[in-house]
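Presented below is the structure to which this report refers.
The values are calculated or read from the model by the stated rules, or taken from the named source; none is laboratory data. Since the model is a prediction, treat every value here as computed from it, not as a measurement. Cβ sites come from the backbone with ideal geometry, for glycine too, and all protein chains shown count toward neighbours. The accessibility values were calculated without ligands, DNA or RNA, using every heavy atom of the protein model including side chains. Shrake-Rupley method; radii C 1.70, N 1.55, O 1.52, S 1.80 Å.
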Amino acid sequence: MPTVITDDAVTLNYLDEGTGPAVVLIAGFCAPATTWALQQKALVANGYRVLALDRRGHGASEAPTHGATMERHGRDVANFLSAVSVDEAVLIGGSMGASTVWSYVSQFGTDRVRAIVSVDQTPKMVNTADWKNGFYGLTEDNRTTFFDNGIPDTGHGRPQWKSVPSLLRLVLALRAMPKIASPDTPPMKALLADHAAQDWRSTIADTDKPYLMVAGRESQFWPATHAFDSVAGNPHGRSTVLDKCGHAANMDRPNEFNAAILEFLDSIE
């Protein structure tokens, strides 16, 4: 697996396959780049170069004790794009990976961005009077302690057992279990807490490149309405909701998800 080194000397691993316009895939909290295997295959088959990045602390990348913030993870994307000499990329992020994309855009703009896809990630995790699409039960009053014992069962959305066939499909494609990072280390706990405090709504509202907000109708974490509400008022934004689909949309409904992504990419040619 090839690597790049960030400007704070952290080694990041990535997958690189195919030729053509670049698509960068960034997975969510604790998930490795290999969880995009079903998308990587479809994108390569449709003429794209696919680069799937293991964020620091994830997959096969180095797990330092420093840099456990969304700001740093966004900067890592900038370092990565420079290192692999990609001047125009479609950035696709799942869950926290989507927030990593918005962090990159908020810091570095969209000069190197062709388009963006956010996969079941609300832009603001905390529920407030003006935002009801946050993580179920998360408020400013409990934000600092809400994730102390990990990600709670919200009692909402698709039952986890329904996602077992999706996981098995991924394992068969990889011929191995994906390497899931522990959420219990101090850096990962700090990263999750920092993630929960962010609000990317203004960044999204100001985005000047095409972007697609994908939501799972039965997401376990937040209402699917976050996708529609995140494109309101910005002509560059589009949204789609996948039925019979939980938070891990790319695994729960890979065929429908891939079709939505390819349709979006075709539309921006």
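Computed quantities for the displayed model
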| item | result |
| --- | --- |
| Environment charge at residue 246 (Cβ cut-off 15 Å; Lys +1, Arg +1, Asp -1, Glu -1) | 0 |
| Cα gyration tensor category, rounded, prolate or oblate, for region 1-100 with a/c compared to 1.5 | prolate |
| Computed over region 96-139, Cα set: Rg, Dmax in Å | 12.4, 37 |
| Carbon + sulfur, % of accessible area of the chain - ligands and nucleic acids excluded, 1.4 Å | 53 percent |
| Heavy-atom accessible area per residue - the chain, 1.4 Å, Å² | 43 Å² |
| Residue-span extension gain [residue 19 to residue 3] - 0.36 nm each, minus C-alpha spacing | 3.9 nm |
| Relative contact order computed over the chain (Cα-Cα under 8 Å; 6+ residues apart), in percent | 19 percent |
| Value at 222 nm in deg cm²/dmol, rounded to 500, when DSSP H runs of n ≥ 4 in the chain each add -39,500 (n - 2.57) | -9000 deg cm²/dmol |
| Point-to-point label distance, residue 184-residue 208, nm (Cα→Cβ direction, 7 Å offset) | 4.8 nm |
| Tensor-based shape of region 85-217 (alpha-carbon gyration tensor, a/c under 1.5 rounded, otherwise prolate or oblate) | oblate |
| Average Cα contact separation per residue, region 121-237, under 8 Å, 6 or more apart, as relative contact order % | 36 percent |
| DSSP bridge orientation in the chain - percent antiparallel, rounded to nearest 5 | 25 percent |
| Out-of-range pairs (alpha-carbon distance over 28 Å; input 189/209; 132/209; 124/189; 179/209) | 189/209; 179/209 |
| Backbone HN-Hα couplings from phi across region 242-253 [Karplus 6.51/-1.76/1.60, Hz, Gly and Pro as x] | 8, 6, 6, 9, x, 5, 7, 4, 5, 9, 5, 9 |
| About the Cα centre, charge dipole magnitude for region 1-160 (Lys/Arg +1, Asp/Glu -1 at Cβ), debye | 320 debye |
| Part-to-part distance (alpha-carbon centres) for region 8-45 and region 225-254, which is given in Å | 20 Å |
| Gyration tensor verdict on region 42-107 (Cα atoms; rounded if a/c is under 1.5, prolate if a/b is larger than b/c, oblate otherwise) | prolate |
| Heavy-atom SASA rank of 251, 213 (probe 1.4 Å, accessible area, largest first) | 251, 213 |
| Difference of contour (0.36 nm per residue) and Cα-Cα distance, residue 160 to residue 244 | 29.0 nm |
| Cα centroid separation, region 68-108 to region 117-194 (Å) | 19 Å |
| Given charges at beta-carbon only (K, R positive; D, E negative), |dipole| of region 162-269 in Debye | 480 debye |
| Cα-centred dipole magnitude for the chain, charges only on beta-carbon of K, R (+1) and D, E (-1), debye, nearest 20 | 620 debye |
| Region 56-142: antiparallel DSSP beta bridges as a percent of all, rounded to 5 | 10 percent |
| Taking region 23-148 and dividing mean pair separation by its residue count, relative contact order in percent (alpha carbons under 8 Å, at least six apart) | 22 percent |
| Entry for volume of the Cα convex hull per residue in Å³ (calculated from the structure that is shown) out of [x] 116; [y] 160; [z] 144 | [x] |
